[in-house]
Amino acid sequence: MTIKKRTGIIIFSIAATISSIYSQEQRPRIGLVLSGGGAKGLAHIGILKAIDSAGLKIDYVAGTSMGAIIGAMYSAGYSGNEIEQISKNTDWMNVIKGSVNFQTIGIQDKEEFENNSIVIPFVGSKPHFGTGIIESQEIMLTLSKIFYPVYKSKNFNEFDIPFRCIATDLSTGNAIVFDKGEITTAIRSSMAIPGVFSAMKYGNTKLVDGGIVRNFPVKDVQEMGADYVIGVNLFSGLANADELTSFVDVFYQITNYRDAEDLVHEKSVCDMIIEPDVRKYSASSFDESDSITMIGDRAGEDFYLLFKQLADSIRNNFGVECSGKSRLPQYNEKVNIESFAYSDLNKTSLNMLKHNLNLKESQEYSVDELNNAFRKAYSSQYYKNLYYTLIPTDSTNKVRLNCIVEEEPLTLIKLAASHNSFTNSSLYLTYTRKNILGERSETTIKMALSEYFRLKAKHHTFVGKKYNKYIFAECTFDKFDFYTYDEGREQCIYENNIVNSHLGINKLIGNNFEVGIKAGFEGNKFSPKISPVAYNYKGKVTTPGVHVSCHYNSMNRKLLPTSGLEIKALSYCGYKRKYDIETLALDSTKYTDIEFDSRKPIIKTIFRLKSCRELTSKASLITALSAGHMWNHSAIDRFLIGGTHSFFDSHFSFYGYKEGMRYANSAAIARLQYQHKIISDLYGIVTVNGGLIDYMDDKITRNNIVLGGGLTIAYNFSILPFSFTAMYSPDTKDASFTANIGFSF
């Protein structure tokens with residue numbers, strides 16, 4: 001950190017004699033400049049706290065990118081302490097990422113949500129990519145909440161402290177200086193890192209990050225009228241190549257080529273330069289926000305005496321000081337929606353948007369209620385951007401709610417990869433088309449391209465005015481090898497070809513719960529592939545049947561959840577089953593046909609419960625129960641026990657057994673897991689499980705009891721999550737290792 005001398009006298013003398021520089025009729029105006037820097041910009045907060053503590057009144061503020069966010073909050077009237085509290089309560093990584101909250105996703109879409117590595121939208125026959133990876137949704141809603149107290153101020157000179165922020169005109173490369181309009185739009189434009197955040201529409205052009213043209217906007221605060229400039233600069237020189245660890249770092253490196261040239265001049269204009277030592281952090285280090293904020297605190301402490309000298313001099317000569325408390329204007333906690341305004345909708349209807357938002361005219365809403373309504377509507381996944389601005393209509397709290405809508409393309413192609421011990425390696429290709437057969441309809445075709453071919457086709461259409469019921473048709477085909485075991489050792493390999501086809505209807509009860517019924521048939525054709533035993537089965541079985549189900553899911557995220565509850569219950573009745581099975585000798589000659597009794601219906605019930613409870617910010621306790629029963633079953637109707645993941649309804653995962661190591665016509669398995677966040681999205685998990693299988697038999701023995709456990713390392717990497725598990729069961733006295741990489745089918 002450095003302090004620049006304005007004359008040959010040190011800054012203490014300048015602060016003490018500043019009144020002699022200016023006339024008694026005009027006190028010196030203090031300007032504050034906050035540079036960009038991504039996550040490093042959180043260091044600005046400590047400087048603001050020190051300024052408040054010293055009682056120094058700031059007259060003008062200018063900022064760029066993260067400096068625009070912090071600077072605008074201070075200008076609006078938040079104190080340094082209030083800004084720190086808001087920052088601590090904000091999950092910056094989630095805000096910047098801008099993804100849909102899993103809990104707001106309709107339960108009918110949770111299975112396929114975030115289940116892909118790459119999503120390619122299509123308009124017509126051409127791929128359609130946005131101007132950035134991250135859209136505006138969550139950022140704009142977060143900014144709307146922060147700046148709700150000043151939503152009536154459309155001129156930034158009307159803030160408690162006049163404010164300016166800088167963006168870059170993408171078409172000309174010139175600086176755009178925001179001094180009026182929507183503060184949320186101005187800030188979002190100033191922080192729109194090209195290629196990372198989508199560019200913001202602005203009249204006939206688009207805007208991106210102001211750091212490209214002016215990362216340290218000293219000249220702007222001077223033009224506002226500042227006589228004395230305090231600059232907080234986070235640029236400490238160009239980074240070495242080995243320090244560029246993310247695309248955000250690369251962007252700032254490129255923009256800093258120009259910044260490095262301009263900085264010498266901009267710093268020479270400042271009367272006080274503060275440079276917190278954040279060199280070891282990158283622009284994307286939001287997961288280290290506490291450490292960066294502490295560095296800002298230390299910088300503020302180092303400069304506190306200088307701020308105090310300056311504040312005392314101004315107070316003694318001009319009677320002006322800052323209280324250091326909140327300077328926010330008075331405002332109502334809720335707004336009354338007088339009317340709505342909507343941007344143009346081309347692919348979806350206004351009625352659907354209104355239904356999704358569920359907001360009414362002449363009713364009052366808090367900013368949290370508005371944000372939740374927009375998050376829920378956004379989670380329908382029909383919109384690329386969906387946020388709002390508030391336009392005052394009178395002197396009270398009545399507003400026009402201006403809904404900014406940008407629709408998603410209706411056609412998507414998704415790519416994903418997977419590897420696990422059950423289905424081996426696969427590449428998933430998914431085609432999704434919305435609104436083929438009416439509004440709020442969706443058609444999906446998904447294929448697994450591997451040695452084990454899988455196909456899933458499904459279409460659903462919402463019906464009714466409330467959009468709370470949908471009818472669907474689905475068909476799946478699975479081809480895979482299935483292992484049989486004898487006393488824990490692999491014995492035979494069967495090739496299976498399974499076809500399921502159903503029609504059904506589901507009803508949504510709230511956002512997280514649905515009940516439904518479907519009818520159709522299930523078919524399985526199987527034959528031995530590798531078998532050392534004397535006799536094997538070959539044939540096919542087809543069963544018409546009816547499923548009744550209910551599903552509740554309030555998990556906070558899909559992969560590695562830390563809180564929430566999920567319950568699944570299923571009852572199945574199969575009737576008039578057709579068997580065509582024969583027994584083959586070891587030399588593959590036909591031995592005899594097998595007859596099964598198809599008069600009695602086959603009944604199956606399955607219940608699953610999973611509960612996640614957050615113990616600390618890093619630790620969670622997960623409890624799970626899986627149970628199933630079969631009546632009137634045949635030899636081919638069994639629950640599959642084993643593995644760390646369930647791949648179909650009749651498969652119960654069990655740590656300690658490989659998939660299919662045990663079979664049962666009844667099972668009840670309890671699991672307890674301790675999940676600990678090691679760093680970032682890397683987790684360690686300890687699992688113990690146990691249960692009873694075939695407990696409906698006449699006598700329960702030790703053979704009916706299953707025990708096991710495992711140690712897992714898992715990483716929730718959005719493009720390709722993975723987990724590695726070492727398992728052991730005292731039943732088999734054998735250890736095994738399993739890997740799950742990628743996404744589920």
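The values are calculated or read from the model by the stated rules, or taken from the named source; none is laboratory data. None of these values were measured; they are calculated from a predicted model. Every residue, glycine among them, receives a Cβ derived from its backbone with ideal geometry; neighbour counts consider all protein chains shown. Side chains included, ligands, DNA and RNA excluded: accessible areas come from the protein's heavy atoms. Shrake-Rupley method; radii C 1.70, N 1.55, O 1.52, S 1.80 Å.
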message: Could you give each residue of segment 458-466 its phi-based ³J(HN,Hα) in whole Hz, using Karplus coefficients 6.51, -1.76, 1.60 with θ = phi - 60°, and x for Gly or Pro?
response: 8, 10, 9, 9, 6, 10, x, 6, 8
task: Return the distance in nm (one decimal) between the two label points of a simple spin-label model at ASN336 and ILE678, each offset 7 Å from Cα along Cα→Cβ.
output: 5.8
message: Rounded, prolate or oblate, given the Cα gyration tensor of segment 284-351, with a/c below 1.5 counting as rounded?
response: oblate
statement: Everything considered on the Cα gyration tensor (a ≥ b ≥ c; rounded for a/c under 1.5, else prolate if a/b is larger than b/c, else oblate), segment 110-191 must be described as oblate
- prompt: How many percent of the accessible area of the chain is carbon or sulfur, using a 1.4 Å probe?
  reply: 53
field: Stretch gain in nm, segment SER268-THR172, where the contour uses 0.36 nm per residue and the Cα spacing is subtracted
entry: 31.8 nm
field: Inter-label distance, nm, simple model (7 Å from Cα along the C-beta direction), ASN468/ALA739
entry: 4.8
query: Among all the aspartates and glutamates, which ones have a C-alpha under 16 Å from LYS206's C-alpha, if same-chain residues fewer than 8 places away are not counted?
result: GLU135, ASP169, GLU182, GLU406
message: If I stretch the segment between VAL320 and GLN363 completely, what's the gain in nm (0.36 nm per residue apart, minus their alpha carbon distance), one decimal?
response: 11.2 nm
message: Here is the link list: LYS434/LYS568; LYS434/LYS465; LYS97/LYS677; LYS446/LYS576; LYS446/LYS677; LYS434/LYS466. Which ones come out longer than 21 Å on Cα distance?
response: LYS434/LYS568; LYS446/LYS576; LYS446/LYS677
- prompt: How do the peptides 32-43, 371-382, 655-666, 505-516 rank, highest first, by the average count of neighbouring beta carbon atoms within 10 Å per residue?
  reply: 32-43, 655-666, 371-382, 505-516
statement: Note: ASP109 to ASN556 extended length (0.36 nm per residue) minus current alpha-carbon separation gives 159.5 nm
task: Considering the options PHE513, SER87, THR605, tell which one lies farthest towards the positive end of the dipole of the chain, charges being +1 on Lys and Arg and -1 on Asp and Glu at the Cβ, about the Cα centre.
output: THR605
query: Is the shape of segment 597-639 best called rounded, prolate or oblate, per the rule: a/c under 1.5 gives rounded, else a/b larger than b/c gives prolate, else oblate, with a ≥ b ≥ c the square roots of the Cα gyration tensor eigenvalues?
result: prolate
Lys, Arg +1 and Asp, Glu -1 on Cβ, resulting dipole of segment 286-417 about Cα centre, debye, nearest 20: 400
statement: With only helices counted (DSSP H, runs n ≥ 4, each -39500 (n - 2.57)), the per-residue ellipticity at 222 nm for the chain, to the nearest 500, works out to -6000 deg cm²/dmol
- line: Between LYS525 and ARG298, the two model label points (7 Å from Cα along the beta-carbon direction) sit apart by a distance in nm of 7.1
message: At 1.4 Å probe radius, can you tell me the per residue accessible area of the chain in Å²?
response: 45
query: Given a Förster radius of 60 Å and the C-beta distance between PHE477 and THR396 as r, what FRET efficiency does 1/(1 + (r/R0)^6) yield to the nearest 0.05?
result: 0.45
query: If amide H atoms are built 1.01 Å from N in the plane of the peptide, which residues on other chains or at least 5 residues away come under 5 Å of the amide H of ARG577?
result: none
message: I'd like the Karplus ³J(HN,Hα) series for segment 330-339: coefficients 6.51, -1.76, 1.60, θ = phi - 60°, whole numbers in Hz, and an x wherever there's a Gly or Pro.
response: 5, 8, 7, 5, 10, 10, 9, 7, 7, 7
